[in-house]
Amino acid sequence: MSSVVFFVAAIGVLAGAIGVVVLANPFYSVLALVAHLISLAALFLLLRAEFVAAAQVVVYAGAVMVLYVFVVAYVGGQDQPVRSSGPGLRLIAALFGAALLCELWIAVIGSSLKSLTEHGAPYTPGFGSPSQIGQLLLTRFLEPFEVASFLLLVAAVGAVILARRRRGLGDEDEERLPGFPAISVAEVLSGRVPTGSMAEAAGLGYEVGESAAGTRRQARGGW
Amino acid sequence: MTAHGSGGLLAVVSYWEPWWIQIIKSLLVFGVGLSMVPVILILERKGLGRFQNRYGPNRVGVFGIMQPLADILKLLRKEQFRPATSVGLLFALAPVISILTAVATFAIIPFGDVHNLFGTNVGLYGIDVSIGPLYAFAFGAIAFYGIMLGGWASGSKYSFLGAMRGAAQLISYEVALGLSLIGVVFQAGTLSLTGIVHAQQHYGLWFFLPQIVGFLIFMVSGFAETNRAPFDLVEADAELVGGYNTEYGGGRFASYYFAEYLNVFVISGLATTMFLGGWLLPFGIHPPAFIDPIVVLVKMFVFVIVFIWVRATLPRLRYDQLMRFGWKVLLPLATVNALVTAILVVET
């Protein structure tokens, strides 16, 4: 039973990883990556690492890949192929691929394939449970854990600052909706109403007539 | 794996139940989910009717209670149609993902404690995972792809916009939903859902009172996660025709519909378990074991009625209001709630 699940998940992992590279449409590439990550979570589940499996799905398939899907669906949904690479780039890609393969082989053979004949570490109840992982994070792996959390904090603060810069840091902007400039009463009375606003729809811009917004509406014939 | 236990993979999930009990349980969980959805449907249609000063469906069966079955039969007998612009495989796969994740999440709702049935110990739940709510969030994350793929593969701008809204909404509110449960997990000291119910028994008070802030955040985020009114921008009819399921018809539309209402039921079940004491009764009443599932079902239906009530009462939010509320109100509030709970738990 477990070996069946292992082979199904392993095939899913490999097929997903190959799909990411091979598929021409970026949207399908992202979906292949999602399939890869979910299959990887199944492998973690086989190793009785329930928490790691759930974290894998929630964080990677759930949060990270959702943003990838979001961006790709908006920007690169068409069937246009990724920019064709020159011969130099291809050579470098092949070299890097070969180097990675060598490294992997060294790692695999370096373990002298012991795991093929052994049963691995015995299972102790509670292994991989959230409480055990939490204890390890706060004792043995405290420093990497804190460094990682600090890194994430920096990233979060950076994202907030970048998002705010777009709209400026003025005090007024706090009151305004993103993309909707606020309209003052004076602006409405003088006819300088931005197009597409509620005031225009209510006919305020139309009545003034002299202003830019008003004439444009007259030229269109209104509705 | 087989060296450690004769049960193989099944032993990983649950350590003492024989395989045939697990198969019966999985069928039972699916059966309960499948049979409760029409009940919720008729409850909602009759309820909405009464809220809006009309009768609601009253033609099929006594008081119209057979109406959902008639609807489902009609949908299933319709022609399978898909637009020429759609992507065939993904278009068919998307409702399957939605329904699969909804049913999978339903499996963790505990309907009772472990009891001695048929000569073995049987827990009255699908599975009792050690990661509890995280399991629900993992499947919630996959459920996103059901909506997203459905919208994208339809090849229609209304579907696509609906799916995009769904994406942003799900990401935003899942964070608040997760953080709102952390307080309960702190107090219970366990992630297992049955463990949380036991913790409420020992604590002597259901967690919705000490965790009232978390409870309210959970309910609001739950409305957003299930795309229910007033957060149903994913399928805002006036702007998007029908949202991500605009191009769907027949059985596939029925699957989406089924998944949506099952999700409502699952959120109700999670709220019942985490905040309302699961199968416990107040004032120290200990009924016989067969009452337990009924208690849980009654509590869940209380939440379902709240869902219907809110839908009949509140108007839909604007999209920027929805986003701002999620990020600027619920998320900080949930974080502060988790912090305060952590401090209080450590203190005592």
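Only one of the numbered conditions (1) buried (at least 16 other Cβ atoms within 10 Å of the Cβ); (2) under 17 Å from the mean Cα position of the chain (by Cα); (3) not basic (K, R) is violated by B:E247, and that is (2). Residues in the range A:66-85 that are modelled with pLDDT of 75 or more and surrounded by 15 or more Cβ atoms within 10 Å (Cβ to Cβ): A:V66, A:Y68, A:V69, A:F70, A:V72, A:A73. Looking across the range B:162-172, the residues that are under 15 Å from A:V69 (Cβ atoms) and within 12 Å of chain A (Cβ to nearest Cβ) come down to B:A163, B:M164, B:R165, B:G166, B:A167, B:A168, B:Q169, B:L170, B:I171. One residue alone among B:V340, B:V306 is surrounded by fewer than 17 Cβ atoms within 10 Å (Cβ to Cβ), assigned to a helix (DSSP H, G or I), in contact with a Ser or Thr (Cβ under 9 Å, 6 or more places away or on another chain) and not polar (S, T, N, Q), and that residue is B:V306.
Among residues belonging to the range B:5-39 that are in a loop (DSSP other than H, G, I, E, B), within 13 Å of chain A (Cβ to nearest Cβ) and surrounded by 15 or more Cβ atoms within 10 Å (Cβ to Cβ), point out the one that is modelled with the highest pLDDT. Break it down into steps so the answer makes sense when it comes.
At the first step, the residues of the range B:5-39 found to be in a loop (DSSP other than H, G, I, E, B) are B:5-8, B:14-18.
Imposing the further condition that a residue be within 13 Å of chain A (Cβ to nearest Cβ) reduces the set to B:5-8, B:14-16.
From the residues that got through so far, the ones that are surrounded by 15 or more Cβ atoms within 10 Å (Cβ to Cβ) too are B:7-8, B:14.
Details: B:G7: 38, B:G8: 39, B:S14: 47.
Looking at residues that are in a loop (DSSP other than H, G, I, E, B), within 13 Å of chain A (Cβ to nearest Cβ) and surrounded by 15 or more Cβ atoms within 10 Å (Cβ to Cβ), I get B:S14.
Criterion first (of a type outside the set (K, R) and either closer than 28 Å to A:A53 by Cβ or assigned to a helix (DSSP H, G or I) (or both)) does B:S98 satisfy it? Break it down into steps so the answer makes sense when it comes.
On the way: of a type outside the set (K, R): yes; either closer than 28 Å to A:A53 by Cβ or assigned to a helix (DSSP H, G or I) (or both): yes.
Spelling it out, B:S98 is indeed of a type outside the set (K, R) and either closer than 28 Å to A:A53 by Cβ or assigned to a helix (DSSP H, G or I) (or both).
Residue pairs whose Cβ atoms lie under 9 Å apart, sitting 6 or more positions apart in sequence or on different chains, and linking a residue in the range A:58-74 that is assigned by TED's automatic domain parsing to the domain that holds A:H36 and free of Cβ contacts under 8 Å to residues at least 24 places away in the same chain to a partner that is among the hydroxyl-bearing types (S, T, Y) and surrounded by 20 or more Cβ atoms within 10 Å (Cβ to Cβ), are A:V66/B:Y145.
Listed residues B:T105, B:T120, B:T85; which is touching a residue at least 40 places away in the same chain (Cβ under 8 Å), within 14 Å of another protein chain (Cβ to nearest Cβ) and under 26 Å from B:D292 (Cβ atoms)? Within the list B:T105, B:T120, B:T85, the selection yields B:T105.
Give the residue, chosen from B:A136, B:A94, that is within 12 Å of another protein chain (Cβ to nearest Cβ), at pLDDT below 90 and under 12 Å from the mean Cα position of the chain (by Cα). Break it down stepwise before answering.
On the way: B:A94 fails: under 12 Å from the mean Cα position of the chain (by Cα).
Matching residue, one of B:A136, B:A94: B:A136.
Taking each residue of the range B:236-249 that is over 16 Å from B:E260 (Cβ atoms) and looking for partners that are buried (at least 23 other Cβ atoms within 10 Å of the Cβ) and at pLDDT 70 or above with beta-carbon atoms closer than 6 Å, six or more apart or interchain, yields B:E247/B:S154; B:E247/B:S159. Assess whether A:L23 counts as being closer than 25 Å to A:Q135 by Cα, surrounded by fewer than 21 Cβ atoms within 10 Å (Cβ to Cβ) and in contact with a Ser or Thr (Cβ under 7 Å, 6 or more places away or on another chain). Taking the combined requirement at face value, the residue does not satisfy it.
Would you pick out the residues in the range B:173-193 that are in contact with an Asp or Glu (Cβ under 8 Å, 6 or more places away or on another chain), more than 9 Å from chain A (Cβ to nearest Cβ) and of a type outside the set (A, V, I, L, M, F, W, C)? Step through it out loud before you land on a result.
Applying the first criterion (in contact with an Asp or Glu (Cβ under 8 Å, 6 or more places away or on another chain)) to the range B:173-193 yields B:173-174, B:177, B:192-193.
Next, from what is left, pick out any that are more than 9 Å from chain A (Cβ to nearest Cβ): B:173, B:177, B:192-193.
Matches in the range B:173-193: B:Y173, B:S192.
Being surrounded by 21 or more Cβ atoms within 10 Å (Cβ to Cβ) and away from chain A (no Cβ under 14 Å) is the filter; apply it to the range B:108-117 and report the residue that is farthest from B:L270 (Cα to Cα). Working first, answer last.
Within the range B:108-117, the subset surrounded by 21 or more Cβ atoms within 10 Å (Cβ to Cβ) is B:108-112.
Pick out the ones that are also away from chain A (no Cβ under 14 Å) and you get B:109-112.
Working: B:I109: 7, B:P110: 9, B:F111: 11, B:G112: 14 Å.
The residue in question is B:G112.
The values are calculated or read from the model by the stated rules, or taken from the named source; none is laboratory data. Note that the structure is a prediction, hence the values are computed from the model and not measured. Positions of Cβ are generated from backbone atoms using ideal geometry, with glycine treated the same way; all protein chains shown enter the neighbour counts.
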